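The values are calculated or read from the model by the stated rules, or taken from the named source; none is laboratory data. Note that this is a predicted model, so its numbers are computed, not measured. Here the Cβ positions follow ideal geometry from the backbone for every residue, glycine too, while neighbour counts run over all protein chains shown.
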């Protein structure tokens, strides 16, 4: 360890032995929970049409089937419309009542003794619909007078003009540019596909409180909507989150299927459980991306970009959920990326369609912003006949160690974008790659290579302005850490234990982490937006530091010494008077001594002044078979600067996972509907996803530019790999065949799309 500190070292994950041996304990594993004994199973009847009026719901046949205890509809439960948080004119009931607006929308709830009985009974519920025109295309929905929510007055449910931002100027904006290039890009709809599908359980206690277990990224955030759905005060709700098998942003909010469980449990007088199938997850768990982008970029013939214009049209899906605000509040602020462009216009429009509602998905609006500006830079370079990397270098914001505010009003903390680009290019041996490309082009090789470069900056820790933490010392000298963040694969147990050991000297294996129980941790903002370490970890670090100072006062009393003379020997985990290490007190001694004073502990909510802005550069290398269109991903070089690195092993893991998701979107993933709004990729046989076969080993290049925003100096890393990799891969595919006249290929860059692009250009 460097200088005796555990921080900055590759420390093995504490979590892994459990997950690799006995396995995690997820919502569906709560079989020994006393309150859930005798729990019934809920199965939801889901809409089979994308847009239609409900004429009737016939439950008679289903009600007589074996094991059926009850069947509920919106009418029988007396459900009232719930307005959308981001547009109160858009409202729906938690079970569809008057209309259905996407395939997979819950229409009725069947309660049975076993899960299998619920599946059978749900199929016997007959819903009669008047089928209405369905809108899958976001522009068609935007222009149509046929309304998906009549009360909204339009299918456009949010627009930056309501924020006082004017509409884009149009062509006049570029009148002084020597070169202008336009593009229309589709950042396609994807399904989050967490390994663990959604699950929940609900039971009312003898004290009248609702106990709910959720597979969620934010237990505390579920309290208020659960209280509202159940008509009780928030104090009557307890939410617990066991192990969570992935979320990627799609499990941040509480869904209708989860909110209804308490209502159902009270109605039947028994606890209930619910777990969706994979097919249900594909159509009912919120989707990601789904953003149409119109870009125009202009500048001088020597490669200087002077003007950039973006109109992002966000597909909200069938409800004005989180997807409504992704474009205006996440894409727009990051529209300038890493570039010093003096003139930028960005308008966003959010539109309801008859598809699964969109929610936050790894990067949530920032990958979309990066994809738009990076594709625009590629088109600009191609138009000028200049090297894509050099055009980027020419336009980068110069290194800054003080806050920098962009033209669109976003203030970045620190940035050194050129160094990140140089590091990535050097690691990839960019000149040699271009030489190999030139060689293959000259020989007319069937298999051409493409090199894609992306430089990005993203916003992290923008959710919440701080986090809660409590550290408590037990009588045997262990530390229990209570955190308002919630792990679902990131390595919180390891990271938080490292931070506590650094401050207290208590070994990592004697540190216990508690999360996701709103009775034990009532204040918390959860895990999203790459906020965990820089807010949650920062809180733990500072609280543990304060606790150590409080402990010195206790030690001074026990040692009959001045507090200023007491030191903590972190190597031994004991307190002693400076110069006399033989006489000491352990953490256990101090905890026992403080039992009469409420125990040895400290808790606080530690604020942060703002978000942080990780940045980096990726180089992707692909090989394209020009006869078949097949793309082979050869290399991925990733330089991602996340500020001060706590544990390089955790960092690399997050980068690897992020890159895998980003590459998958670029090459494989796309959720599709037919013209009537029926999903055509609603299972993992039809929906493309990445495996180890398609993904090369990621070549990680480390770079640290600490942020002044928090005490650790850390920025987020959970989403960076996704943001940097996707445009690099797409650019690489286009670059491989650009000499054949191809200028753009939409994602995912499947063999068919690449083949069609080649043949259309010939």
Considering residues that are assigned to a helix (DSSP H, G or I), farther than 25 Å from residue 85 by Cβ and in contact with a helix residue (DSSP H, G or I) (Cβ under 8 Å, 6 or more places away or on another chain), the number found within the stretch 156-184 is 0
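Could you check the stretch 299-320 and list, in sequence order, the residues that are over 16 Å from residue 393 (Cα atoms) and crowded, with 24+ Cβ neighbours inside 10 Å? Can you show your working first?
Filtering the stretch 299-320 for residues over 16 Å from residue 393 (Cα atoms) gives 307-320.
Correct list: 308, 309, 310, 312, 314, 315, 316, 317, 318, 319, 320.
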With the first residue restricted to the stretch 701-730 and required to be at positive phi, and the second required to be buried (at least 24 other Cβ atoms within 10 Å of the Cβ), Cβ contacts under 7 Å at 6 or more apart or on different chains are 713/643; 713/707
Flagged in the stretch 37-48 as under 20 Å from residue 268 (Cβ atoms) and surrounded by fewer than 18 Cβ atoms within 10 Å (Cβ to Cβ), in numbering order, are 37, 38
Counting only residues that are over 17 Å from residue 535 (Cβ atoms) and buried (at least 20 other Cβ atoms within 10 Å of the Cβ), the stretch 704-736 contains a total of 17
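What are the residues in the stretch 631-644 that are surrounded by 23 or more Cβ atoms within 10 Å (Cβ to Cβ) and either under 16 Å from the mean Cα position of the chain (by Cα) or more than 19 Å from residue 731 (Cβ to Cβ) (or both), if any?
In the first step, residues of the stretch 631-644 are kept if they are surrounded by 23 or more Cβ atoms within 10 Å (Cβ to Cβ); the result is 631, 636-643.
641, 642, 643, listed by residue number.
For (1) surrounded by 15 or more Cβ atoms within 10 Å (Cβ to Cβ); (2) under 26 Å from residue 730 (Cα atoms); (3) at pLDDT 95 or above, each residue gets a yes or a no:
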residue	(1), (2), (3)
374	yes, yes, yes
380	yes, yes, yes
387	yes, yes, yes
395	yes, yes, yes
442	no, yes, yes
467	yes, no, yes
483	yes, no, yes
Going through the stretch 403-420 in order, the residues found to be surrounded by fewer than 16 Cβ atoms within 10 Å (Cβ to Cβ) and either part of a helix (DSSP H, G or I) or touching a residue at least 12 places away in the same chain (Cβ under 8 Å) (or both) are 409, 411
Residue 479 touching a strand residue (DSSP E or B) at 6+ places or on another chain (Cβ under 9 Å) and assigned by TED's automatic domain parsing to the domain that holds residue 570: yes
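Is one or more of the residues making up the stretch 428-438 within 20 Å of residue 708 (Cβ to Cβ) and in a helix (DSSP H, G or I)? Explain how you work it out, then say what you get.
The initial filter retains those residues of the stretch 428-438 that are within 20 Å of residue 708 (Cβ to Cβ), namely none.
No - not one qualifying residue is present in the stretch 428-438.
Which residue, of 1, 35, is modelled with pLDDT under 95 and either under 32 Å from the mean Cα position of the chain (by Cα) or not assigned by TED's automatic domain parsing to the domain that holds residue 490 (or both)? Quick ask: steps written out before the conclusion?
Values: 35 fails: modelled with pLDDT under 95.
Every option except 1 fails the conditions.
Are there strands (runs of 3 or more DSSP E) fully within the stretch 549-591 with at least 3 residues that are surrounded by 12 or more Cβ atoms within 10 Å (Cβ to Cβ) and in contact (Cβ under 8 Å) with a residue 40 or more places away in the chain? List them.
Working: elements: 566-569, 574-577, 580-586.
Answer list for the stretch 549-591: none.
Answer with yes or no whether residue 658 is in contact with a helix residue (DSSP H, G or I) (Cβ under 9 Å, 6 or more places away or on another chain), surrounded by 22 or more Cβ atoms within 10 Å (Cβ to Cβ) and in a loop (DSSP other than H, G, I, E, B).
Values: in contact with a helix residue (DSSP H, G or I) (Cβ under 9 Å, 6 or more places away or on another chain): yes; surrounded by 22 or more Cβ atoms within 10 Å (Cβ to Cβ): yes; in a loop (DSSP other than H, G, I, E, B): no.
So residue 658 fails the test.
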Within the stretch 186-221, the residues that are more than 17 Å from residue 258 (Cβ to Cβ), surrounded by 24 or more Cβ atoms within 10 Å (Cβ to Cβ) and in contact with a helix residue (DSSP H, G or I) (Cβ under 7 Å, 6 or more places away or on another chain) are 187, 190, 191
So the strands (runs of 3 or more DSSP E) completely within the stretch 454-522 holding 1 or more residues that are free of Cβ contacts under 8 Å to residues at least 40 places away in the same chain and closer than 19 Å to residue 546 by Cβ are 479-483, 511-514
Counted residues in the stretch 661-682 being assigned to a loop (DSSP other than H, G, I, E, B) and surrounded by 14 or more Cβ atoms within 10 Å (Cβ to Cβ) come to 10
Test: residue 22 is outside the structural domain of residue 95 (by TED's automatic domain parsing) and part of a loop (DSSP other than H, G, I, E, B): yes
Checked the stretch 314-347 for anything closer than 21 Å to residue 154 by Cβ, out of contact with any strand residue (DSSP E or B) (no Cβ under 7 Å at 6 or more places or on another chain) and assigned to a helix (DSSP H, G or I); matches are 329
In the stretch 423-442, residues that are closer than 18 Å to residue 381 by Cβ and either within 29 Å of the chain's Cα centre (by Cα) or in contact (Cβ under 8 Å) with a residue 12 or more places away in the chain (or both) total 8
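Tell me the helices (runs of 4 or more DSSP H) entirely within the stretch 185-288 that contain at least 2 residues that are without any contact (Cβ under 8 Å) to a residue 60 or more places away in the chain and not assigned by TED's automatic domain parsing to the domain that holds residue 85. Break it down into steps so the answer makes sense when it comes.
On the way: elements: 223-230, 256-268, 278-284.
Hits in the stretch 185-288: none.
Out of 298, 363, report the one residue that is within 28 Å of residue 91 (Cα to Cα) and not assigned by TED's automatic domain parsing to the domain that holds residue 46.
363
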